[in-house]
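Data block below; observations after.
The values are calculated or read from the model by the stated rules, or taken from the named source; none is laboratory data. Predicted model only: the values in this text are computed from it and were never measured. When we count neighbours, we look across all protein chains shown, and the Cβ atoms used for this are built from the backbone with ideal geometry, even at glycine. Note: areas computed on protein heavy atoms with side chains; ligands, DNA, RNA excluded. Shrake-Rupley method; radii C 1.70, N 1.55, O 1.52, S 1.80 Å.
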Amino acid sequence: MDHDENREADVQIKEILDYYGGRGDRGAQETVVEMLRELQDVQGFLSPGILAAAAETAGVKESTMRAILKRFPSLKTAPYRHEIVVCLGKNCGGRNMGVLQELRRRLKTGPDGISADGNVKVSTRSCLKSCRTAPNVMVDGEMCSGESAEGILGRVVG
């Protein structure tokens with residue numbers, strides 16, 4: 001982002017915060033999620049500073065904000081470009097553990113699941129609700145069944 005784009009983003013963020021701060025239902029979960037989605041649209045992700053400002057605007061604690069982020073995986077706290085969600089449900093888990101370990105090793109993910117280059121987030125879910133096609137991994141919202149770590153990486157790297 002150049003200087004003008006930054007300034008424009010700052011103006012948009014302030015407008016969003018002002019709008020939601022004036023709402024009577026500003027602390028309701030639905031309203032907070034709506035605000036966070038709009039803020040994410042401006043910057044591409046929710047930085048710690050934006051999250052703190054959003055919590056203050058909504059009149060909620062930052063711990064409440066973190067809980068909301070966990071419930072809504074589409075809300076991003078880092079500017080990664082790709083997301084890999086590995087299913088660990090009863091039909092997938094045993095077959096996906098090796099894939100998960102290989103993805104983490106090859107992408108050099110940190111404790112937050114973000115790859116060393118910042119482009120990919122690897123996370124797990126207890127069930128992706130597609131048991132009949134197990135083992136399943138979701139890459140950027142698209143279900144991939146029975147793919148190796150190599151096949152999955154081919155979709156997000158290079």
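Glu83 meets each of the listed conditions (1) outside any helix (DSSP H, G or I); (2) out of contact with any strand residue (DSSP E or B) (no Cβ under 6 Å at 6 or more places or on another chain); (3) among the charged types (D, E, K, R); (4) closer than 18 Å to Val139 by Cβ apart from (2). The residues of region 112-131 that are of a type outside the set (Gly, Ala, Ser) and either over 14 Å from Leu88 (Cα atoms) or touching a residue at least 40 places away in the same chain (Cβ under 8 Å) (or both), listed by number, are Asp112, Ile114, Asp117, Asn119, Val120, Lys121, Arg125, Cys127, Leu128, Cys131.
In this structure, does Gly93 turn out to be crowded, with 17+ Cβ neighbours inside 10 Å and in contact with a Ser or Thr (Cβ under 6 Å, 6 or more places away or on another chain)? Talk me through it step by step, then tell me what you get.
Details: crowded, with 17+ Cβ neighbours inside 10 Å: yes; in contact with a Ser or Thr (Cβ under 6 Å, 6 or more places away or on another chain): no.
In short, no.
Filtering region 131-153 to residues that are over 19 Å from the mean Cα position of the chain (by Cα) and open to solvent by 20 Å² or more (accessible area, probe 1.4 Å) leaves Cys131, Arg132, Thr133, Ala134, Pro135, Ser145, Gly146, Glu147, Ser148, Glu150, Gly151.
Residues in region 9-55 that are more than 19 Å from the chain's Cα centre (by Cα), surrounded by fewer than 13 Cβ atoms within 10 Å (Cβ to Cβ) and part of a helix (DSSP H, G or I): Asp10, Val11, Lys14, Glu15, Asp18.
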